[in-house]
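Beneath this line is the structure, given in structure tokens, with notes to follow.
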Amino acid sequence: MFNRNLIVVALIFLYGNLEVNCQMHEPDEIMPEFYAPLENWTVTQGRDIYFTCTVNNLGKYKVAWIKSDSKAILAIHTNLIAHNHRLTVTHNGHNTWKLHVFNVQKNDTGSYMCQINTQPMILQTGYLDVRIPPNILDEADIEGPGSAAMEGGTIRLRCRSTGKPEPKVHWKRKDNRHIVIRSDGAREKQESATVKGDTLELTNVHRTDMGKYLCIAKNNVPPTVSKEFNVQIHFHPMIKVTNQLVAAPTGSNVHIQCYVETSPKAMHSWAKVDGGDLMPNAKYKMSETPINEYSLQMDLTITSLEPKDFGGYLCIAKNALGKAEGTIRLQELHLPSAPTTSDVPEQEPEKYDEGVPTNSDDENFVLEGGEPTADGDDRSSNDQQRQQEQQKQPSVSTKKPPQTVHGGGSGGGNGGGGGGGVRHHDNKQRHGSVKGSGSGYPPRWLLVLTAVATVTLFRSPAVSRW
């Protein structure tokens, strides 16, 4: 070893300084340069992107692609180094190289370098920002009492989501009804169309809180996602009967109904008070119509009513928490029968009591042997004169009390001799009342005046034939 060192020293002294040549760039060499900067990308997960690196005067140098955060070499020139089937490199044969990333994922986020192996090396950087749409975790990750409780209890729903940027979560009811938040022992409550936050707590729950709730997460990266939660409130069955008494005639069809509120779902049935359960058949037609999440309408139609069908009926609802019944009484309705001609009573003949005055006109009272006509031609001249004298006395009624006229010898007018007179009466006038009187008969003083007037007329010369 000593001899070797001695030889080297000797050579230095003999031949002078050793000339050491270092590799340096040629003074007239043109260095590579980038034509344009790399792009920056902000895309949604699953999209395809590419970085473009354009280099002028590349010469004998090479272009490489490198992931900055991991320092991993992805490709050199057109040769792919990374074992990633979602990456490819292309060259246009001149001065442009492209790095393609297909179906970008969250771990693709970061800086990418296009680098040239000069001394010192030159490079440029582009950034890829991958946005991730919101995603709501499975129900297995939900914490809290769950989505079912007894009426008056508490329900806590939690909706955890992921995404980039971090999603914002709010709650709403699927049927667009307001969410009710109760506090202070249910004395105070607030109603709102939406509630913000990943946790929804319902205290002092009521059956009206039952239904479907939506957890909605969004971060301005489409699509917005939602998840449905079904809230169940349990309580004892309850039955309402609007018409407790129903009447229908024999032979008709009758419809009765009950309104049931129950949760969880109950078994529903119909029965007679004094009998067993009813089964649906041609006689009994049963149906149920849902109203909302916890209530429905029970319907029973009884066809061709018979006497044995009348009585009490029960609508029954039974679930794991209890049993409820509603009672409806069905009674027979008796309809009046239509009247027939044989049932119409015959009209009794009108009777007159002698000595009782009537309101019949003088033209309805004629002597035997003569009949009244439309123009009164059958009246004798004496009768006409007597009527005129009666009209001249306004204070004396011209109405004569009914009486039967008896006479001997020959009668006046066109008739022969004979006995009593024949009266033609008017039923309406008979039942009428005299003006100023409270009853259907004239007052006694009027009867006396009428009798005096009648005697005076009979003694006058105009009726001397009597």
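Observations on the model:
- Charge context of residue 130, other residues only, Cβ under 15 angstrom, K/R +1, D/E -1: 0
- Extending 7 Å from the Cα toward the beta-carbon at both residue 57 and residue 288 defines two label points whose distance is 8.8 nm.
- Cleavage-rule hits, trypsin sites (Lys or Arg not before Pro), the range 220-316, DSSP coil, Cβ neighbours within 10 Å at most 14: 265, 283
- Accessible surface ranking that places the most exposed of 41, 270 first, with a 1.4 angstrom probe: 41, 270
- If you model the range 83-165 as an ellipsoid using its alpha carbon gyration tensor, with each semi-axis the square root of five times an eigenvalue, the axes come out at 51, 13, 9 Å, biggest first.
- For 261, 228, the ranking by accessible surface with the largest value first comes to 228, 261, using a 1.4 Å probe.
- Total charge dipole magnitude, the range 109-266, about the Cα centre, Cβ charges on Lys, Arg, Asp, Glu only, Debye to nearest 20: 300 debye
- Counting only protein chain heavy atoms and rolling a 1.4 Å probe, the accessible areas of 94, 170 rank, largest first, as 94, 170.
- Radius 15 Å from Cβ of residue 78, net charge of other residues (Lys, Arg +1; Asp, Glu -1): +2
- When the pairs 265/318; 189/218; 62/98 are compared against a 18 Å limit on Cα-Cα distance, 189/218 fall above it.
The values are calculated or read from the model by the stated rules, or taken from the named source; none is laboratory data. On a predicted model such as this, the values are computed, not experimentally measured, just so you know. Using ideal geometry, Cβ is built from the backbone for each residue, glycine included, and neighbour counts are taken over all protein chains shown. To get the accessible areas, we keep the full protein, side chains included, count just its heavy atoms, and leave off ligands, DNA and RNA. Shrake-Rupley method; radii C 1.70, N 1.55, O 1.52, S 1.80 Å.
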